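Some notes on the structure that comes next.
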Amino acid sequence: MLDMLVVGGGYVGLSAAVAVKQSAPHLKIEVIEAAPEHVWQNDQRVSAIIAAASRMLELLGIWQEILPEAQPINRMVVTDSRTADPVRPVFLTFDGAVEEGRPFAHMVPNVAMVRALRGACERLGIAIRHGMSATGFITTSTKTTVTLSDGSTVDTRLLVACDGVKSKLRDMAGIKTVSWDYGQSGIVTTVEHERPHEGVAEEHFLPSGPFAILPLTGNRSSLVWTERREEAEQLVRADELVFEEELQRRFGHQLGAITVAGSRKAFPLGLTLARAFVAPRVALAGDAAHGIHPISGQGLNLGFKDVAALAETVVEADRLGLDIGALNVLERYQSWRRFDTFRMGVTTDVLNRLFSNDITPIRIARDFGLSLVERLPGLKSYFIGEAAGTSAPNQPKLLAGQPI
C-alpha cells in the first residue's frame with residue numbers, strides 16, 4: 001500500500017510528491033499522469049515564479065537547475081489606457097528585490113520546471129505512471145482504493161488530487177465549487193522584439209482586460225492578452241499579419257518592432273473555488289482547489305503555496321505517528337490554505353471587474369488609487385511583499401526558506 005498517491009503530474013503534483021518524499025524518505029509515493037511520457041517536452045508556456053516559491057524550489061534542490069533559463073523581473077510597470085491612446089501614462093511602478101539577490105519574481109519556462117521536478121522524482125525514487133488516469137475510488141477508515149484507467153487498483157493512505165480546474169477527483173469526492181465565467185479569454189504567446197526589455201514587466205489595463213508583457217531571456221517576452229471571448233477567438237484564427245498588427249497596437253513601440261515567435265492559444269477565463277479542500281483521505285491542491293483570473297500572475301504560485309502547506313501537514317503528522325490521511329490531520333491543511341485562496345480569488349475578481357471596463361468615473365477613481373499607492377512607499381512595499389509571497393504571517397516553512 002502507498003502512503004501517498006498524487007494524481008496529476010504537472011508542477012504542483014510533482015512538487016508535492018518531491019516536498020513530502022524529501023522530508024520523509026520512508027513514505028511510499030507515486031504519481032499518476034494522464035499525458036504520455038514525453039508530451040511535457042512540447043510545452044511552450046512560461047510561468048511567473050514568485051520569491052517565496054523560488055525559496056521552496058531551492059530547498060527542494062531544483063532551483064539552481066532552473067535558474068539559468070529563468071528571467072528575473074526587476075521592475076513592474078502598470079498603466080491604464082485605451083488601445084488608441086498615443087501615450088500611456090505610468091501610474092504605478094514596483095522596483096527592487098525582496099531580499100539581496102532575489103527579485104520578487106522570475107519568469108521560468110514550464111519545460112525547465114517540469115524537467116527539474118521529474119529529475120528530483122527520479123533521484124528520490126518516486127515512480128511516475130504515464131498515460132493513466134483515476135476513474136474512481138472507494139474510501140474506508142484506513143485507506144483509499146483508487147481504480148485506474150487500465151483497470152488496475154492502487155491502495156493509498158492519502159490521495160492528492162492535482163488534476164486541474166475541472167478535477168474529476170474533486171467531483172468524485174463530493175466537493176462542490178463556487179464558479180463563474182468572465183466571458184473573457186486569455187491569449188498566450190511569445191514575441192521577439194528589437195530592443196532589450198531590461199527585465200521590466202508591463203501590465204497595461206485596457207478596456208477589454210489586462211495586457212501583460214512578461215520578460216523572458218534574450219529579446220523575448222511572454223504575453224497574456226485578455227480579450228472578450230468572441231474577439232479572442234477571432235484573433236487566434238486570424239492570419240499572421242492581422243494578428244501581429246493588433247498585437248503591436250496593444251504592445252506599443254517601446255521595444256521596437258515585434259514578431260510572434262511561438263504558437264498562439266486562447267484559454268477561457270473564470271473563477272473556480274472549491275468549497276472544501278479536503279475529504280476523508282483526499283486533499284485537493286493546485287487548480288483542482290482553485291482557478292483564478294491571471295491578472296495578478298498568482299495562479300501557479302497559489303498551487304506552490306498549497307504544496308508547502310500540505311507537505312508540512314503530512315510530514316509533521318507522520319513524525320508524530322498520526323495517520324496522514326485522517327480527516328482531522330488534513331483539516332489543518334485546509335484551514336491553512338482556504339482563507340488565503342478565497343482572499344486571492346476575491347482580489348483578482350474585483351481587480352478584473354474594476355479594470356476591464358471603460359466607464360469614466362470608475363477609470364478616474366482607479367487611476368487616483370494607483371497614483372496614491374505610487375506616492376506611499378510603505379504601501380508599495382506591502383504590495384511588493386504580497387506579490388512576492390514573503391509578507392504573509394504564519395506561512396509554511398518551505399515558503400520561508402526553512403526545511404520542514
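Only the coordinates and a few stated rules stand behind these numbers; no lab work does. Not measured: the values here are computed from a predicted model. Please note: Cβ atoms are built from the backbone with ideal geometry, for glycine as well, and neighbour counts cover all protein chains shown.
In the range 125-274, with Lys and Arg counted as +1 and Asp and Glu as -1 at Cβ, which of these residues, Gly209, Thr190, Gly136, has the Cα nearest the positive end of the dipole, that is, farthest along it?
Working it through, the farthest residue towards the positive pole turns out to be Gly136.
Which residues make up the longest stretch of the chain clear of GluC sites (Glu not before Pro) that lie in a DSSP loop with no more than 16 other Cβ atoms within 10 Å, not counting the sites?
199-404
Calculate the dipole size of the range 97-254 relative to its Cα centre from +1 charges on Lys and Arg beta carbons and -1 charges on Asp and Glu beta carbons; express the result in debye to the nearest 20.
1020 debye
How far, in degrees from 0 to 90, does helix 240-251 lean away from the longest principal axis of the Cα atoms of the chain, to the nearest 10?
80 degrees
Taking Rh as the Kirkwood radius, which is the inverse of the mean 1/r over Cα pairs, what is the Rg/Rh value for the range 1-73?
With Rg and the Kirkwood Rh in hand, the quotient comes to 0.99.
Using the number of other C-beta atoms within 10 angstrom as an exposure proxy, rank Phe243, Phe304, Phe137, Phe267 with the fewest first.
Phe267, Phe243, Phe137, Phe304
Specify the inter-centroid distance of the range 170-219 and the range 1-34, based on alpha-carbon positions, in whole Å.
Each part reduced to its Cα centre gives a spacing of 29 Å.
By how many degrees, 0 to 90 and rounded to 10, does the Cα axis of helix 377-388 deviate from the longest principal axis of the chain?
50 degrees
Magnitude of the Cβ-charge dipole of the chain, K/R +1 and D/E -1, about the Cα centre, nearest 20 debye?
Dipole of the chain, to the nearest 20 debye: 900 debye.
Order of Ser391, Ser221, Ser141 from fewest to most other C-beta atoms within 10 Å?
Fewest-to-most Cβ neighbours within 10 Å comes out as Ser141, Ser391, Ser221.
What's the exposure ranking of Val315, Val260, Val12, going from fewest to most Cβ atoms within 10 Å?
Ascending number of Cβ neighbours within 10 Å: Val260, Val315, Val12.
So which of Lys176/Lys397; Lys166/Lys265; Lys21/Lys397; Lys21/Lys305 end up more than 23 Å apart by C-alpha?
With Cα atoms farther than 23 Å apart: Lys176/Lys397.
Using θ = phi - 60° and the Karplus curve 6.51 cos²θ - 1.76 cosθ + 1.60, what whole-Hz ³J(HN,Hα) does each residue of the range 170-182 get, with Gly and Pro shown as x?
3J(HN,Hα) across the range 170-182, in whole Hz: 4, 5, 4, 7, x, 8, 7, 10, 9, 8, 7, 9, 8.
Cβ under 12 Å from Ile295's Cβ, Ile295 left aside: what net charge do those residues give with Lys, Arg +1 and Asp, Glu -1?
-1
Projected onto the charge dipole of the chain (+1 at Lys/Arg Cβ, -1 at Asp/Glu Cβ, origin at the Cα centre), which of Leu398, Ile362, Phe339 gives the Cα projection farthest towards the positive end?
Phe339
Can you give the angle from 0 to 90° between the axis of helix 299-319 and the longest principal axis of the chain, with both taken from C-alpha atoms, to the nearest 10?
20 degrees
Count the net charge of all other residues whose Cβ sits under 11 Å from the Cβ of Gly389, scoring Lys and Arg as +1 and Asp and Glu as -1.
0
Pull up the DSSP beta bridges for the chain and report the antiparallel fraction as a percent, rounded to 5.
Counting DSSP beta bridges with both partners in the chain, the antiparallel share is about 75 percent.
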